[in-house]
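Each value in this text was obtained by applying a stated rule to the coordinates, not by laboratory testing. Computed from a predicted model, the values in this text were never measured in an experiment. Virtual Cβ from ideal backbone geometry, glycine too; neighbours counted across all protein chains shown.
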Amino acid sequence: SEGPTPTSVAIVSQYACQRRTTIENNNSIFTDAFEVLAESYEFSELEGQCLAFRRAASVLKSLPCEVRRQEDIRDLPWMGEHTKAVMEDILQYGHSFEVERMLSDKKYQTLKLFTSVFGVGPKTADKWYRKGLRSFSDVLTEPSIHLNRMQQMGFLYYEDISRAVSKAEARALGSIIDEAVRAITPDGILALTGGFRREKEFGHDVDFIVTTPEPGRENSLLPDIIERLKQEGILLYCDYQASTLDISKLPCPRFEAMDHFAKCFLILQLEGSKVEGGLSRSKEGGRGWKAVRVDLVSPPVDRYAFALLGWTGSRQFERDLRRFARLERQMVLDNHTLYDKTKKEFLAAQTEKDIFAHLGLEYIEPWQRNA
Ligand code: DCP
Ligand code: MG
């Protein structure tokens, strides 16, 4: 019993971009609970509390093993009093009373239901709740409610879109988009991004970046792709937003939720015959296709690396990359650029590795960014 004292575990960084986080989560019992509370704070617009639970969850996701005792988290960053109390309940009773209470809370349940519809955010969901609406049929029969086109599609294809997209389905969509790009321009560049690039098994949509080596040509790329998908008869919905990029106004003084690249939010009709192993949804209804959400982003080629890094996620990883750049390097990172405030210059990048190098960070592979 006089053996050496256990060596302290490696220090866990407070920044997700200095941690390697695969899809293997050894602490989902805690992180699932945190996500419920984070979401409820998001509904109440309590951003600070929301972020506290998301940060704590992100730290636990990076751990190589399960947390078993309260002392296991002693040296971890972002473990606040509230977080610790929730973990204590889970360690002691197997579940958190606060989380259980939230899950059976009518308002939480209703906001969760409403925000599961494509085109319905927390604000709209709350407005509907305050009108006394509690179910989809309440919403759809309420005469004072006007649904926009995105929301109409969200309800129309709810059964399909609310079900997870599988890897095989993402791959099939990749081939469809690739074929369209190839037909338009042989030197087109197509990259899978979002959760599927991080090697997640399932996603809520499939995200791609498309561009071309010819500067300026990217402006007609998305409209051409959209036209082809329409010709193929598989375009169910398209919200196209032209580029609003003005290089002279970069970097943006405040981080904005959306970047300025041309992009489109689509719903595509995916034929079961194109998916290896078939569609992930059950065959009820008898139709051989599934409606799937697809996002395409089209940056100019000199912004490609920044766009790829910004759209690969995870959201928490992105947040911490920007926070690290700002606080540790006096740099501003967004989906378009990296600006060094000390040198007063923009730092160019051809690849994601260039950006990590500019930031003085070890390179983190996409599959290690599931923070
Ligand atoms: N993204 C971001 N901030 C936003 C929207 C997107 O940083 N407001 C980035 C990070 C995301 C990526 O874009 O990882 C793709 O967005 P998704 O919402 O599609 O998220 P994921 O692909 O990561 O997950 P999933 O589609 O499985 O829900
Ligand atoms: Mg996605």
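For this structure, a couple of remarks:
- Number of positions in region 104-125 that are surrounded by 15 or more Cβ atoms within 10 Å (Cβ to Cβ), on the phi < 0 side of the Ramachandran plot and not hydroxyl-bearing (Ser, Thr, Tyr): 10
- Residue match in region 64-74 (condition: surrounded by 17 or more Cβ atoms within 10 Å (Cβ to Cβ) and not in a helix (DSSP H, G or I)): yes
- Selection from region 10-33 of residues that are more than 17 Å from the chain's Cα centre (by Cα) and outside any loop (DSSP other than H, G, I, E, B): 18, 28, 29, 30, 33
- Scanning region 146-180 for residues that are in contact with a Lys or Arg (Cβ under 9 Å, 6 or more places away or on another chain) and farther than 25 Å from residue 121 by Cα gives 167, 169, 172, 173, 175, 176, 179, 180.
- Residue 263 in contact (Cβ under 8 Å) with a residue 60 or more places away in the chain, of a type outside the set (Val, Ile, Thr), within 16 Å of ligand 1 (Cβ to nearest atom) and part of a strand (DSSP E or B): no
- For region 200-246, the set of residues classified as of a type in the set (D, E, K, R), more than 16 Å from ligand 2 (Cβ to nearest atom) and not in a helix (DSSP H, G or I) consists of 214, 217, 232, 246, listed by residue number.
- Any hit, region 95-106, residues being under 30 Å from residue 290 (Cβ atoms), in a loop (DSSP other than H, G, I, E, B), of a type outside the set (D, E, K, R) and in contact with a helix residue (DSSP H, G or I) (Cβ under 7 Å, 6 or more places away or on another chain): no
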